[in-house]
Amino acid sequence: MIPATTKQNIQPKPRKYNNKFRLKNGLIGWAFISIATVMICLFYFYPMVQALILSFQSGAGTNLQFVGLDNYLRLFTDPAFIAALKNTVIYLIIQVPVMIIFALFISVLLNNKKLKLKGFFRTAIFLPCITSLVAYSVVFKYLFATDGIINKMLINVSLISEPIQWLTDPFWAKVTIIIAITWRWTGYNMIFYLSALQNVDHSIYEAAKIDGANAFQQFFKITIPMLKPIILFTSITSTIGTLQLFDEVMNITKGGPGNATITISQYIYNLSFKYTPDFGYAATVSYAIVIMIVVFSIIQFKVAGDKNA
Amino acid sequence: MHKIKQIFIYILLSIFTVISIFPFIWMIISATNKSIDVTKGRLLPGTHLVENIQNLLSTVDLVPALINSATISIATTILSLIIASLAGYGFEIYRSKAKDVVFNILLLSMMIPFAALMIPLFRMFGTISQIAPGIGIDTLTSAMLPSITTAFLIFFFRQNTKMFPRELLEAGRIDGLTELGVFFRIYVPTMKTTYAAAAIITFMASWNNYLWPLVVLQSPENHTIPLLISNLGSSNSPDFGIIMTSIVIATLPTALIFFLLQRHFVAGMMGSVK
């Protein structure tokens, strides 16, 4: 009897302590994450709800009225929005794949064990990433000016006979934007691939070589599948980045000539702060980007296929 | 055959290197030349750097813009690091199902484009202006508040906390430290590398931030460096010497950080996808 009582007397104590400890621990955990959670709700989720409400309103400045789905219907007949959408999609489907291919190609070249000056090449190709978007955009604007150094150099080596209208021709202006973004971000993606490649066991390549696989087969059959998760990651971040493109276009072409290079972000900016402000319609346009980001992310996950990605 | 292949690799890499570096070289060379020489396509260093700097200082408010940018970037970096590391630590160390749900919801904010937040935020700060003008529209505080907390940085700290040895935590608790004490006395000093990488990422993003400051900072005395460069670049009669000098000056801090802390810099980027 006596031992049993003692046992009973002892047992509740640690349990009580445990419960108290767990509850206290739980609360402390929530305290740790509270500031960040509040801040994200305040500066991301609350504005998103506001934007959704705004997207059903229209009017100049603060004089807003509910208009139902009118704003959403207006999107389909708004030539400026359609131009912005078209441009953004063009940047996306040309620039992102081109950049990823370049980045993969360079990282494979750099992943050569016998390569000397590896650090130098890597640093040099990564260097564009340290520039601010505005700063490099202004530099590119002048590099690609009609009387700029790029045209002068192309004429000097007789690649072209007269200057290309890099900034004022609707086609070439888009090309300039794509060149600029590719210059800025290829090195960034290259670093990701390079570090992933360094984790790939070299003996796989040795085995492939013995089996008679050439460089191309090695690239497509080993490198690409091994890097699939990281390629997916970079293509999603690049897609989100491209859909939000603003700084470059604003500072290189201002969206011109006409609306030939305007992006959705810039159109939202114009609607809200350049023209007579129509915050309601601008919010509707912004939801178009949100929908596109969600759709493209889902597509990329589907294309990438299996779950281990 | 092997030799030829090697040479070919060097040639290709050299081409990519030249393309990557050329705009920098042109920008630095142009900063030392007169505007007219830049237009003529001069590719040799000149002797007008000092003159360009003097002209720059006399035509635009470079120093106030540098101070504004530095104030915003440093304050943002410090606050970001504290808030995000507390959260990243909280999510990983006090892990629970409910917190994981909250974490995943927070991650969704990474998908939200800033353009969609811009208008509601602008209106929000407009309302704040009427109550507390000190943090409303056209103040440095309003320029930094929305970018202080990012889901990315919380994610980054959480990922790195996974490698934090739990024994240290227990040891601290046994020594009688409070939970917050464990965080500040043990976690923070142990995770120096993570903090360095996070600081670099945040500082760079803040120093280069353009769209939100463009929207919210209206008076010229509040302008930051990207706004100043953008204004210089869009002038109708651009002075290339001055513009390139201002760009070189604006790029110097980030370039310094990159070259001095290259290891942390790359580690920071990589850590985010481990």
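Scanning the stretch A:209-226 turns up no residue that is among the hydroxyl-bearing types (Ser, Thr, Tyr) and at the interface with another protein chain (Cβ under 9 Å from one of its Cβ atoms).
Residue by residue, here is whether (1) open to solvent by 10 Å² or more (accessible area, probe 1.4 Å); (2) at the interface with chain B (Cβ under 8 Å from one of its Cβ atoms); (3) touching a helix residue (DSSP H, G or I) at 6+ places or on another chain (Cβ under 9 Å) holds:
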site	(1), (2), (3)
A:Gly119	yes, no, no
A:Ala124	no, yes, yes
A:Leu127	yes, yes, yes
A:Thr131	no, yes, yes
A:Val134	no, yes, yes
A:Ser137	no, yes, yes
A:Leu154	yes, no, no
A:Leu167	yes, no, yes
A:Trp185	yes, no, yes
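Looking across the stretch B:187-197, just one residue is of a type in the set (Val, Ile, Thr) and at pLDDT 90 or above, and that is B:Val188.
If you filter the stretch A:51-72 down to residues that are in contact with a Leu (Cβ under 9 Å, 6 or more places away or on another chain) and assigned to a loop (DSSP other than H, G, I, E, B), you find that the one that is least open to solvent (accessible area, probe 1.4 Å) is A:Leu64.
Does B:Ala98 fit the bill of being assigned to a helix (DSSP H, G or I), at the interface with chain A (Cβ under 7 Å from one of its Cβ atoms) and at pLDDT below 90? Answer is no for this residue.
The conditions are (1) open to solvent by less than 50 Å² (accessible area, probe 1.4 Å); (2) away from every other protein chain (no Cβ under 11 Å); (3) not aliphatic (A, V, I, L, M), and A:Lys86 fails exactly one of them. Which is it? Only one criterion in (1) open to solvent by less than 50 Å² (accessible area, probe 1.4 Å); (2) away from every other protein chain (no Cβ under 11 Å); (3) not aliphatic (A, V, I, L, M) is unmet by A:Lys86, namely (1). Under 20 Å from the mean Cα position of the chain (by Cα), assigned to a helix (DSSP H, G or I) and either basic (Lys, Arg) or not assigned by TED's automatic domain parsing to the domain that holds A:Ile178 (or both): does that describe A:Lys141? Taking the combined requirement at face value, the residue does not satisfy it.
Do we find a residue being open to solvent by 20 Å² or more (accessible area, probe 1.4 Å), outside any helix (DSSP H, G or I) and within 10 Å of another protein chain (Cβ to nearest Cβ) anywhere in the stretch A:102-115? So far as the stretch A:102-115 goes, yes, one or more of its residues are open to solvent by 20 Å² or more (accessible area, probe 1.4 Å), outside any helix (DSSP H, G or I) and within 10 Å of another protein chain (Cβ to nearest Cβ).
Yes or no, residue by residue, for (1) assigned to a helix (DSSP H, G or I); (2) open to solvent by 20 Å² or more (accessible area, probe 1.4 Å):
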site	(1), (2)
B:Ala116	yes, no
B:Phe122	yes, yes
B:Phe125	yes, no
B:Gln130	yes, yes
B:Gly134	yes, yes
B:Ile137	no, yes
B:Thr141	yes, yes
B:Pro146	yes, no
B:Arg158	yes, no
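For the condition within 22 Å of the chain's Cα centre (by Cα) and of a type in the set (A, V, I, L, M), B:Ala98 does not qualify. Screening B:Asn236 with (1) open to solvent by 30 Å² or more (accessible area, probe 1.4 Å); (2) closer than 24 Å to B:Glu51 by Cα; (3) at pLDDT 90 or above gives one miss only, at (3).
Among the candidates B:Ile28, B:Ile53, the residue that is of a type in the set (A, V, I, L, M), part of a helix (DSSP H, G or I) and surrounded by fewer than 18 Cβ atoms within 10 Å (Cβ to Cβ) is uniquely B:Ile28. Just one residue in the set B:Phe125, B:Phe103, B:Phe114 is in contact with a Ser or Thr (Cβ under 6 Å, 6 or more places away or on another chain) and within 11 Å of chain A (Cβ to nearest Cβ); that residue is B:Phe125. Residues in the stretch A:242-296 that are outside any helix (DSSP H, G or I) and under 22 Å from A:Leu133 (Cα atoms): 13 in all.
Residues that are among the aliphatic types (A, V, I, L, M), facing another protein chain (nearest Cβ under 8 Å), more than 30 Å from B:Thr190 (Cβ to Cβ) and outside any helix (DSSP H, G or I) are absent from the stretch B:59-80 altogether.
The values are calculated or read from the model by the stated rules, or taken from the named source; none is laboratory data. Because the structure is predicted, anything quoted here is derived from the model rather than measured. Because the Cβ atoms are built from the backbone with ideal geometry, glycine has one as well, and the counts that use them run over all protein chains shown. Calculation scope for accessible area: heavy atoms of the full protein, side chains included, ligands and nucleic acids excluded. Shrake-Rupley method; radii C 1.70, N 1.55, O 1.52, S 1.80 Å.
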